[in-house]
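Below: one structure, written as structure tokens.
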Amino acid sequence: AVAAPRPPGAYAALAQPPPGQGTEEISRLVFPKRNRLLRRPEFRTCYEKGRRYFSPSFIVFVYPRPVETDCEDKNDVGVEKRTEGRVGVGVSRKAGPAVRRNRLKRLVREFFRLYGKKESMGLDVVVAPRRGLDIRSLSLEQVVEELSPLLTKARKRLVENSIAKSGQGRDKDSDSAQ
């Protein structure tokens, strides 16, 4: 039994999203380019100047992004804006064939899309798998369990360093002695 051919234009109706689910729904699911490290020098800066954090499956390189000011004149002091975090995944061919490497990239990007916005704020982050990681058995839950504490630690350390540099981190004993 062969199905009767559909009339012209019938497939166009099937391609339309259901009512109430337009492009707004789909665009939320995309990991935008402004949140990704795309160029080799950006990765290299994270590798060379960034701080390393280790988990059983990943090595995370974190480098703080410069603070942007919201002003036209470079000499004028403007309102400081926190920059969005950017994420890159560094996976070499040693990790396996392209199918496995791409799976790892998708899982890490999905973690940052769902959970990592707040933790990676103001940071450039490169995630690299450790040798021997079985990407086939890797799940999003495992990625969340391992990367969440590392990003929280990195964020906390960044805040502590910025307080120390601004001079607000002085000992209370030295202030009260005067």
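Could you please find all residues in the range 85-101 being in a strand (DSSP E or B) and free of Cβ contacts under 8 Å to residues at least 40 places away in the same chain?
Within the range 85-101, Val89 is the sole residue that qualifies.
Determine which member of the set Gly132, Gly122, Gly116, Gly90 is open to solvent by 40 Å² or more (accessible area, probe 1.4 Å) and small (Gly, Ala, Ser).
After applying the criteria, what remains is Gly132.
Quick check on my filter: what residues within the range 102-153 are assigned to a helix (DSSP H, G or I) and aromatic (Phe, Trp, Tyr)?
Answer for the range 102-153, where residues must be assigned to a helix (DSSP H, G or I) and aromatic (Phe, Trp, Tyr): Phe111, Phe112.
I'm trying to understand the selection: among the residues of the range 122-147, which are in contact with an Asp or Glu (Cβ under 7 Å, 6 or more places away or on another chain) and without any contact (Cβ under 8 Å) to a residue 60 or more places away in the chain?
Leu140, the sole residue that qualifies.
Which of the residues that make up the range 126-146 are touching a Lys or Arg at 6+ places or on another chain (Cβ under 7 Å) and of a type in the set (A, V, I, L, M)?
Once the filter is applied, which keeps residues that are touching a Lys or Arg at 6+ places or on another chain (Cβ under 7 Å) and of a type in the set (A, V, I, L, M), the range 126-146 yields only Ile135.
The values are calculated or read from the model by the stated rules, or taken from the named source; none is laboratory data. Only a predicted model underlies this, so the values are computations on that prediction, with no experimental measurement involved. Note that we place each Cβ from the backbone using ideal geometry, even for glycine, and neighbour counts take in every protein chain shown. Heavy atoms of the whole protein, side chains included, go into the accessibility calculation; ligands, DNA and RNA do not. Shrake-Rupley method; radii C 1.70, N 1.55, O 1.52, S 1.80 Å.
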